[in-house]
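First comes the structure, then the notes that go with it.
The values are calculated or read from the model by the stated rules, or taken from the named source; none is laboratory data. All values derive from a computational prediction rather than experimental measurement. FYI the Cβ positions are ideal-geometry reconstructions off the backbone, even for glycines, and counts take in every protein chain you see. Note: areas computed on protein heavy atoms with side chains; ligands, DNA, RNA excluded. Shrake-Rupley method; radii C 1.70, N 1.55, O 1.52, S 1.80 Å.
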Amino acid sequence: MSPADQKKRFRAFAKQLENGDPPTKEQLQYLIHVFRGMGAGRDPARILGLTYGDGKSKQDETSRSNMDFIFHWIACATDPDIDQNGQPIKPYSMKEAFEEGSRIATKLFGEDSDCSYDPAYIRKKWYEKKKIHRANTLRSASDRDSIYEYNTPKKNK
């Protein structure tokens, strides 16, 4: 799990507590592990999962998250069941979606980023088996590198 994913989980946990919902057994076990580790002098950021491992960086994480956003856009744009305000619209072809996705990514994330937003590169990444989870119109916060936050329902009082 990346530090960004871990931070999302912490925000959801804080919201859960704020709503008055007690920690689950799994959450309590995690907290016990964290406090024992910190009490033994271990690095809190490492115990909490907020550090990057070897060969990983914040920049890598940002690039993956940006590409996740573009992949989700492509999945939706090529969906044959796509509509706009309840009216069916013609979906993009894959070629059109890669080209438009490239334009959107360059506009949103800039040309000088370390991640290539060239249509050919996006196409190559789209068809990699390890990225198949991204090529889906239905995404959630628990998906790796997802841009979405966890939804913590408010407790009715």
Of the accessible area of the chain, computed with a 1.4 Å probe and all protein chains kept, carbon and sulfur make up a percent value of 53 percent
Between residue 47 and residue 96, the FRET efficiency computed from the C-beta separation at R0 = 35 Å comes out, to the nearest 0.05, as 0.15
Listed residues 109, 98, 35; largest mean-square fluctuation, Gaussian network over the chain with Cα springs below 10 Å, found at 35
Karplus-derived 3J(HN,Hα) from phi for region 128-136 (6.51 cos²θ - 1.76 cosθ + 1.60, θ = phi - 60°), whole Hz, x at Gly and Pro, runs 6, 4, 6, 9, 4, 4, 7, 8, 9
Interchain or sequence-distant (5+) residues whose placed amide H lies within less than 5 Å of the amide H of residue 135 are none
The FRET efficiency for residue 137 and residue 15, from their Cβ-Cβ distance with R0 = 22 Å and rounded to 0.05, is 0.25
Taking the chain and counting helices only, DSSP H stretches of n ≥ 4 at -39,500 (n - 2.57) each over all residues, the nearest-500 ellipticity at 222 nm comes to -16000 deg cm²/dmol
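If you wrap a convex hull around the Cα atoms of the chain, how much volume per residue is inside, in Å³?
161 Å³
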